[in-house]
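Trainee: Pasting a structure below so you can have a look.
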Amino acid sequence: MLYNMDMKSSEPLYEQIVNQTKALVIRGILRPGDKVMSVRELATDLVINPNTVSKAYQELERLGLLEMHRGRGTFVSKDWVDQDASRGPVVVAIQKLAIDCHYANVSFDEAVTLFETEYKKVGESHADSPATNEEN
């Protein structure tokens with residue numbers, strides 16, 4: 001099973017699917033052109049409502065990560081990275097994270113260390129991108 005849904009998480013299930021799909025693509029488990037499970041198949045596999053999967057797939061299509069072809073299925077987009085469109089939600093997420101860190105009394109250095117650890121778990125190859133080394 002590619003997805004690990006946390007039913008107790010405050011993160012909605014459709015967002016978990018979106019985030020885990022992004023991670024699968026980043027790790028190379030899902031590659032551009034790969035066919036993904038249908039909405040019905042994934043919903044059955046995860047034992048969740050098909051509308052939840054449909055909402056996640058629609059968001060992934062909006063982000064340019066998935067392409068839906070009627071009658072053929074849903075595929076990972078061959079040109080799945082639109083850096084400019086991808087950055088907006090990242091900034092919003094970082095702003096929320098900064099607020100959460102302050103609220104939880106997590107120091108800046110601890111937050112950076114935690115972020116670095118999680119970033120490396122997602123994909124070492126992306127840690128060496130030019131955008132992350134500009135300040136070094």
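The values are calculated or read from the model by the stated rules, or taken from the named source; none is laboratory data. Fair warning: this is a prediction, and the values are worked out from it, not measured in the lab. Cβ coordinates were reconstructed from backbone atoms using ideal geometry, including for glycine residues, and neighbour counts include every protein chain displayed. Remember, those area values only see protein heavy atoms, side chains included, never the ligands or the DNA or RNA. Shrake-Rupley method; radii C 1.70, N 1.55, O 1.52, S 1.80 Å.
Trainee: From largest accessible area down, sort I17, I48; use a 1.4 Å probe on the protein chains.
Mentor: Values: I17 0, I48 25 Å².
My answer, sorted largest first, is I48, I17.
Trainee: So how far apart, in nm, are the two label points at V112 and E41 if each is 7 Å from Cα heading toward Cβ?
Mentor: 4.5 nm
Trainee: With all protein chains present, calculate the accessible area of V90 using a 1.4 Å probe and round the result to the nearest 10 Å².
Mentor: Using a 1.4 Å probe on the heavy atoms, I get roughly 80 Å².
Trainee: Return the FRET efficiency for the residue pair L2, R70: r is the Cβ-Cβ distance, R0 is 22 Å, and the value is rounded to the nearest 0.05. Let's see the in-between values first.
Mentor: Numbers: r = 24 Å, r/R0 = 1.08.
After rounding, the FRET efficiency stands at 0.40.
Trainee: At 1.4 Å probe size, with no ligands or nucleic acids counted, give the accessible surface of K55 in Å², nearest ten.
Mentor: Using a 1.4 Å probe on the heavy atoms, I get roughly 100 Å².
Trainee: Further question: Can you list residues from other chains, or at least 5 along the same chain, whose modelled amide H is less than 5 Å from the amide H of V36?
Mentor: T74, F75, V76
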